[in-house]
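Colleague: Okay, handing you the structure first.
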Amino acid sequence: MSLQDFVAMPKFEDYKERFKDHYTLERRPDGVILARTHTRGGPVQLSVQNHRSLGLLFKAIGADPENEVMIFGGTGEDFMMNADPEGFKLEQEDLPYWAYEYAYKDGRINVNSLVNDLEIPTIGIINGSGFHSEICLMCDITLMAEEATIYDLHYDIGSVPGDGIHSAFLEILGVKRGAYALLTGEAIDAQTALKYGMVNEILPRDKLIERAYKIADHIMTQPRTTRRLTTQIIRRPWKQRIVNDLDGGFGIQMFGHLAKDKAVHSREHIASRGDYVKLGKKNNFD
């Protein structure tokens with residue numbers, strides 16, 4: 001017998017409770033886990049707190065050997081269209097500290113954890129309109145609601161789009177389309193996202209989870225080792241993009257934060273930049 005035992009692995013019931021204020025977690029007996037981000041049961045409202053929770057969640061899911069496929073999405077009619085009223089109070093009170101903790105460290109961990117800590121197939125669900133769609137776009141397979149629109153708001157709130165959304169857009173859209181989306185805040189509807197190759201399928205919102213489970217059922221038909229090693233093949237472009245691009249992008253964004261000498265996040269600031277999406281316009285300057 002070994003002189004030491006294994007370190008205890010995370011248990012689903014434990015982290016389901018631990019993350020309940022940020023995520024609704026469900027797991028089938030076969031290990032297909034559904035994670036839906038939320039703020040008090042509704043669409044997630046961006047904050048320093050839920051931003052930090054994401055990488056921690058992915059690390060917990062990835063460390064639990066009983067998880068076999070992850071489905072990840074939002075809650076309600078929107079994916080993310082708003083900010084918590086007090087969600088960036090910490091940043092406003094101590095910008096130098098949180099520019100690193102929030103804008104650099106946590107963000108890098110979130111994206112890295114999705115690609116590197118989850119050695120199981122992932123299915124992203126864009127359940128509604130919103131920003132910070134990179135987490136769903138960087139899943140192995142992505143489904144999008146027919147009613148949804150995605151966009152990046154960073155440039156229009158005075159922030160450098162360097163926190164992972166740039167990696168996702170440039171990798172999927174290419175240089176010209178990516179540059180246009182990042183500089184103009186282009187509102188990309190579901191049909192356009194499918195045409196551009198950003199998502200794999202578009203469906204009515206109420207059919208997304210059902211379809212994700214059907215895809216997961218197909219993935220589960222092959223042996224565990226095959227499933228897990230296949231993720232290492234299909235994620236190689238993302239791994240390379242992260243190595244080449246992610247840290248530098250976050251570093252540039254953090255420098256932009258500090259050079260402005262004021263926080264760029266607020267509920268009013270963020271929400272007002274999504275008004276043109278709600279109005280069905282392509283951007284906020286035409």
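Colleague: Of the residues in the stretch 20-66, how many are aliphatic (A, V, I, L, M), open to solvent by 50 Å² or more (accessible area, probe 1.4 Å) and assigned to a loop (DSSP other than H, G, I, E, B)? Even if it seems obvious, please write down each step before you answer.
Modeller: Going through the stretch 20-66, the residues aliphatic (A, V, I, L, M) turn out to be 25, 32-35, 44, 46, 48, 54, 56-57, 60-61, 63.
Of the ones still in play, those that are also open to solvent by 50 Å² or more (accessible area, probe 1.4 Å) are 56.
Then keep just the ones that are assigned to a loop (DSSP other than H, G, I, E, B); that gives none.
Result for the stretch 20-66: 0.
Colleague: Name the single residue, out of those in the stretch 108-127 being over 15 Å from Ile71 (Cα atoms) and within 10 Å of the chain's Cα centre (by Cα), that is surrounded by the fewest Cβ atoms within 10 Å (Cβ to Cβ).
Modeller: Applying the filter and picking the extreme gives Asn110.
Colleague: Another question, then. Could you tell me which of the residues Leu229, Leu143, Leu153, Leu208 is of a type in the set (A, V, I, L, M) and open to solvent by 20 Å² or more (accessible area, probe 1.4 Å)? So that I can check it myself, show each step before the final result.
Modeller: Working: Leu143 fails: open to solvent by 20 Å² or more (accessible area, probe 1.4 Å); Leu153 fails: open to solvent by 20 Å² or more (accessible area, probe 1.4 Å); Leu208 fails: open to solvent by 20 Å² or more (accessible area, probe 1.4 Å).
Exactly one of Leu229, Leu143, Leu153, Leu208 is of a type in the set (A, V, I, L, M) and open to solvent by 20 Å² or more (accessible area, probe 1.4 Å), namely Leu229.
Colleague: Out of the residues in the stretch 1-19 that are surrounded by 12 or more Cβ atoms within 10 Å (Cβ to Cβ) and in a helix (DSSP H, G or I), which is farthest from the chain's Cα centre (by Cα)?
Modeller: For the stretch 1-19, the residue satisfying everything is Asp14.
The values are calculated or read from the model by the stated rules, or taken from the named source; none is laboratory data. As the structure is a prediction and not an experimental result, all values here were calculated from the model. Every residue, glycine as well, gets a Cβ built from its backbone with ideal geometry; the counts of neighbours run over all protein chains shown. Quick note on the areas: whole protein, heavy atoms, side chains included, nothing else; ligands and nucleic acids left out. Shrake-Rupley method; radii C 1.70, N 1.55, O 1.52, S 1.80 Å.
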